[in-house]
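Single-structure report; data block below.
The values are calculated or read from the model by the stated rules, or taken from the named source; none is laboratory data. Every value quoted in this text rests on a predicted model; they were computed, and no experiment measured them. Please note: Cβ atoms are built from the backbone with ideal geometry, for glycine as well, and neighbour counts cover all protein chains shown.
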Amino acid sequence: MATIGRTVQPTPTHDALSRAQARAALVPDCMVEARRLANTVIAGWHGRRKRGIGENFWQFRPYVDGESLSRIDWRRSARDDHTYVRDREWEAAHTVWVWADLSPSMMYGSTLAPVSKESRALVLMLALAEILARSGERIGCPGVLEPVAARNAAERLAAALLHAHPGEGLPDTGMIRSSSDIVLFGDFLDPVESVMERLAPLARRGLRGHVVEVADPAEEIFPYAGRTEFTDPETGLRLTAGRAEHLRDDYTRAYRARRDTLADSLRHLGWSFIPHRTDRPASEALAALHMYLSGLPAMAARGESR
């Protein structure tokens, strides 16, 4: 299945150089927007909240016989008749792989949304990288950036994207090891069977996955009427409808069935699925994604953007 577009709008070119130039012009603005978005969400980011060897205070808890006396917090213990130790939060770096689809269908943007799907996917990916980098995580992008633990990881990812080959479909993930998270941003309009053929082996290898479906509102509600020509940005094939409104019910039914099937298939893998429309605030998708990465799926499900 391919994204739809009216011929009255610019059709994305298949020329790789032109696409690379367009992305090079887009990425700096996306980085600025990503940093602004990260700043609005980061106040609620609390890390993995596990007891460990870090420097940040997590909690007081009662002293257990056999523990080192050096761990006792005497100031807190002096307040009552119990002895307490001061736990710190675990800060061992975790690897999170992020990836955004840069294929031609992602360049689509209707007049119903302020940005293209590609722009929104890049902003979400860079904003997530910014937040994770501030939390001390290692950030990598398959085929673009090896995992790096640095405060400027998002900027390094943005710079790497300027020279990345756009590729087609899902990324090569052969370099990814288990005990990692992978976050995928794209429209996922290929047949569900082909998408799951690529993702299911990752789940079997032990990767925890999170899929963010970025959609233009026109793709979901099909606002077209009258004689309309649709163009597939991936292949250039065209379809002319004499009265497009007659296609609306069948189209929207098929579109929603595809999304529901994809969501169910991913959840059977233990992966999360977040649908996001480009006419909605980017913070909605980022907040839901934050909840999933923080191990709070119930809260994330209630906050998914629709």
Can you find a residue that is part of a strand (DSSP E or B) and modelled with pLDDT of 75 or more anywhere in the range 38-60?
no
Do any strands (runs of 3 or more DSSP E) lying entirely in the range 112-211 carry at least 3 residues that are of a type in the set (S, T, N, Q) and within 28 Å of ASP279 (Cβ to Cβ), and which ones are they?
none
Can you work out which of the residues in the range 79-93 that are crowded, with 16+ Cβ neighbours inside 10 Å and at pLDDT 75 or above is farthest from ALA149 (Cα to Cα)?
THR83
Select from the range 223-241 the residues that are in a loop (DSSP other than H, G, I, E, B) and touching a strand residue (DSSP E or B) at 6+ places or on another chain (Cβ under 9 Å) and write down the one among them that is nearest to ASP187 (Cα to Cα).
ASP232
Taking the criterion of being assigned to a helix (DSSP H, G or I) and touching a His at 6+ places or on another chain (Cβ under 6 Å), would at least one residue in the range 259-270 satisfy it?
no
